Amino acid sequence: MHKCVAGIVAGFLLASSLLFSPSMGQAAGGAHIVDDSEVETPGGCHLEMWVTRFIPGDGYANFEPACTPVKVPWLEIAVAYQHYWDQIIGAPLLGPQIKINLQSDTEGVGVGLGFNAAVNLETGSVNLGSIIGLVTIPIGKNLRININGGWSYLAGDQPNAFFWGGQAEVDIGGDISLMLEAFGRHPGTIGNQMGLRYTPNNGRYDFDLLVGTTFDDTNTLFATIGVTIRF
């Protein structure tokens, strides 16, 4: 895997479930790297689709359906198909994504756990995996703070590392939310990302536009567009 993609791909896989918040619409999840503690509405499902373009030309794409059963309202189950590419190589990845909500943010502070893994479909080897603690702190009506921390595996020179992330998501009105986040994989990459999410009439569709950078031997810029459909 190309270094530009490898330094950030684990972060994308940590946060690929779209979440529901009755008070603020949808914010964390999707193409955001930092995730929140909440699961999809029990009995509901969603489909996430997003594409990230790195400078000078690497890419990463995601297609992921996810559901939360009515009888297990604290559990969200997803399967993610993802594909990365650069000027030389590329590979499809497939694997499960599981989120467990231990305490809802409606009770003050939300607490959850996220698990995932991904297999390279060309080689059959496990390329990615993570176990991440998720905390959501509501601050007033229009602001939430999300904090992540845990273990991540990424095939390469530093397969095992600590992942951390922090995010502020703000409802700025007009069906638009603003997200600012920082994240890191230690030892390894540190980066940040910011963007807007448009949810018309707080309804079934989310449209994301994000830009970010990682700080390594050289800075890596990237931009993401995404669409999520709930059903």
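For region 182-215 versus region 72-145, the inter-centroid distance based on Cα atoms is 14 Å.
So what's the net charge close to GLY226: Lys and Arg +1, Asp and Glu -1, counting the other residues with Cβ under 13 Å from its Cβ? Charge balance in the 13 Å sphere: -2. Below 8 Å, C-alpha to C-alpha, sequence gap of six or more: please give me the relative contact order for region 109-231 in percent. The value is 14 percent.
Values in this text are rule-based calculations from the coordinates and carry no lab data. All of these numbers come straight from a predicted model, not from anything done at the bench. Neighbour counts run over all protein chains shown; Cβ positions are idealised from the backbone, glycine included.
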